[in-house]
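Here is the structure we will look at, set down as structure tokens.
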Amino acid sequence: MELSPEEYGAYWRASIYVAAGILLVALSYRFVIVDLFGFGNAGALIMGLVLFGAIVFAGTFLVILGLARLVRTAIDAEMRG
């Protein structure tokens, strides 16, 4: 499979989306959400759960967007070649 410069760049952008989604979930859980769960009162727990749900949704969206771009670029390169 030979890639044009545009397709090569698309692969890199897609891999950045995948990495950003994973890092968003992992780092925000480690440095933000765990602190909210540590307080122990109901308000902090509910806020932590809501925030964690929103961050997981955003991270999953980035990962799926990156994977879709990877697949689309690979299919375009294979169909062209």
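The values are calculated or read from the model by the stated rules, or taken from the named source; none is laboratory data. The structure presented is a predicted model; accordingly, all values stated were derived computationally and were not measured. Reconstructed Cβ throughout: ideal geometry from the backbone, glycine too, with neighbour counts over all protein chains shown.
Things to note:
- Candidates in segment 1-22 are the residues that are aliphatic (A, V, I, L, M) and closer than 22 Å to PHE57 by Cα; of these, the one that is surrounded by the most Cβ atoms within 10 Å (Cβ to Cβ) is ALA14.
- When segment 5-27 is filtered for residues that are farther than 16 Å from GLY66 by Cα and within 12 Å of the chain's Cα centre (by Cα), the ones remaining, listed by number, are ALA26, LEU27.
- Residues that are surrounded by 15 or more Cβ atoms within 10 Å (Cβ to Cβ) and at pLDDT 85 or above were ranked within segment 23-46; the one that is nearest to LEU3 (Cα to Cα) is LEU24.
- The number of residues in segment 61-79 being over 13 Å from SER28 (Cβ atoms) and within 13 Å of the chain's Cα centre (by Cα) comes to 8.
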